[in-house]
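The values are calculated or read from the model by the stated rules, or taken from the named source; none is laboratory data. Keep in mind it's a predicted model, so treat the numbers as computed, not measured. Cβ coordinates were reconstructed from backbone atoms using ideal geometry, including for glycine residues, and neighbour counts include every protein chain displayed. These accessible areas exclude ligands, DNA and RNA; they are computed on the full protein's heavy atoms, side chains included. Shrake-Rupley method; radii C 1.70, N 1.55, O 1.52, S 1.80 Å.
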Amino acid sequence: MVEGQKKINLNSVYDLKTNCDDNLSNFFESIGYSQDFHVIDIRLALTYTSIFLSALLFYLEKKFKNDFKNEEYYWYMIYVIASFYVISGINWIYIKFVEHNIKYMGKNEITGDKITVATIVEKKNIPPTYKITITLNDKDKKVSSKPFTELYEETGFLNYDLFKKFLNDDYIEVLNKKKN
Amino acid sequence: MKTNVRCNLLQLSNILLAISSAFMFWKTLSVVANSPSPIVVVLSGSMEPAFQRGDILFLWNRDKYVDVGDIVVYNMDHRDIPIVHRVLREHKVIPTDEEIEKFNKKQGLKKDKNSNLKIPKNKKIKELKPSQKILTKGDNNPSDDLPLYGYKQMYIDRDNDLIGSVKGYIPLAGYVTILISENIYFKYILIGLICLSSLFSNE
């Protein structure tokens, strides 16, 4: 058991993956990267805009007493509903194609390297595996995977040393690719 | 720390987005059906055997006129619950040209040479539109709805009082809402179950 680790329900693949994703930033911070939040910030902005739009419509409903004969209210409703669907659509496209499983983005201030880490779970494998794609400077890529049974101890804690080694090996390989 | 704030915001947004999507779906349905309440639950037995208490009704409010025999839902200003009843009689009031002219004169509108209306800018004008007066009755009631209407009111107005006419229904699917509003024990049992399930879910 490593200090600062949470006990995870070993039967929930979702929890296992989320916990691994949360630990990515710890590793990359330890080797000198600082996290870049702009992908998640854009997603948050889009999501909260659509939440704001529905709150606005709720306010309008109360203000106009939901009177459909009031043309002003009627057109407000159509505009707000239409923009809600547009923003939700953009958000959906953004999550599907831009964010696309990216769980960590960081920049090394000294070397100027940019790193992107995307993760998925391969559920078809038994036991399920954690598949990770490290991309350096949008060019050099390394894909590898490890079963969760190896990453986690039986007690439900992440074996951080092993996790670190797993990431480190991949990272060094990507670095070597860059040098060649 | 920064990650933590974003994580919490993202988690919160999941719940909020679920609520707002449901609300937006309801509003979309309202606008499409042109009805402030496009889905209603039957609360009384006055339309038996057509509808039982607890049936869910789907409404549509874009027809210009309703016909005799249609089942409509109307809402009177002095009553808080909408009523589902059948149209017994209807009467279309279509204004003649003379009446329209008289009405426009009252508003101070004049005609130009080509006999088109001169409409002053920045002024809201009323239009005398055709309307429909309706008398309704519950299938299971011995008499028509006159006693339900307001004092000295002999009919309901299609544009002002109707929420929509029934286009489809699911039998008994909305009975839970009746149980919640009428049975106090059921309400407490339901709240208890929700609390219990939240205790036993994740973490």
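When the charge dipole of region A:1-110 is built from unit charges on Cβ atoms (+1 for Lys and Arg, -1 for Asp and Glu) and taken about the Cα centre, the candidate among A:Ala82, A:Asn9, A:Asn108 whose Cα reaches farthest toward its positive end is A:Ala82. Taking the longest Cα principal axis of chain A as reference, the axis of helix A:13-30 is set at about 70 degrees. B:Ser181 to B:Ala50: FRET efficiency via 1/(1 + (r/R0)^6), r the Cβ-Cβ distance, R0 25 Å, to the nearest 0.05? Using R0 = 25 Å, I get an efficiency of 0.65. Magnitude of the charge dipole for region A:1-144, about its Cα centre and with charges confined to Cβ atoms of Lys, Arg (+1) and Asp, Glu (-1), is about 440 debye. Interface between chains A and B: roughly 2300 Å² of accessible area buried, both sides summed (probe 1.4 Å, protein heavy atoms only).
The gain in end-to-end length when the B:Val5 to B:Leu88 segment is fully stretched comes to 23.7 nm, 0.36 nm per residue minus the alpha carbon separation.
Counting Cβ atoms of other protein chains within 10 Å of each Cβ in A:44-57 and taking the mean gives 4. Computed from Cα positions, the angle between helix A:160-179 and the longest principal axis of chain A comes to roughly 90 degrees.
Projecting the Cα atoms of A:Ser50, A:Ile93, A:Pro127 onto the charge dipole of chain A (Cβ charges, centred on the Cα centre) puts A:Ile93 farthest toward the positive pole.
For chain A, a Gaussian network of Cα nodes joined below 10 Å ranks A:Leu136, A:Leu44, A:Leu167 by mean-square fluctuation, and the top entry is A:Leu44. Packing, as the average of other Cβ atoms within 10 Å across residues, places the peptides B:146-159, B:57-70 in the order B:57-70, B:146-159, highest first. Rolling a 1.4 angstrom probe over the protein heavy atoms with all chains in place gives region B:1-120 an accessible area of 64 Å² per residue. Once whole DSSP H runs in chain B are found, which of them have Cα atoms spread over 27 Å or more along the helix axis and a mean Kyte-Doolittle score of at least 0.5? Helices meeting the span and hydropathy rule in chain B are B:2-33. Inter-chain Cβ neighbour count for B:16-24, averaged per residue, equals 6 (cutoff 10 Å, partner chain atoms only).
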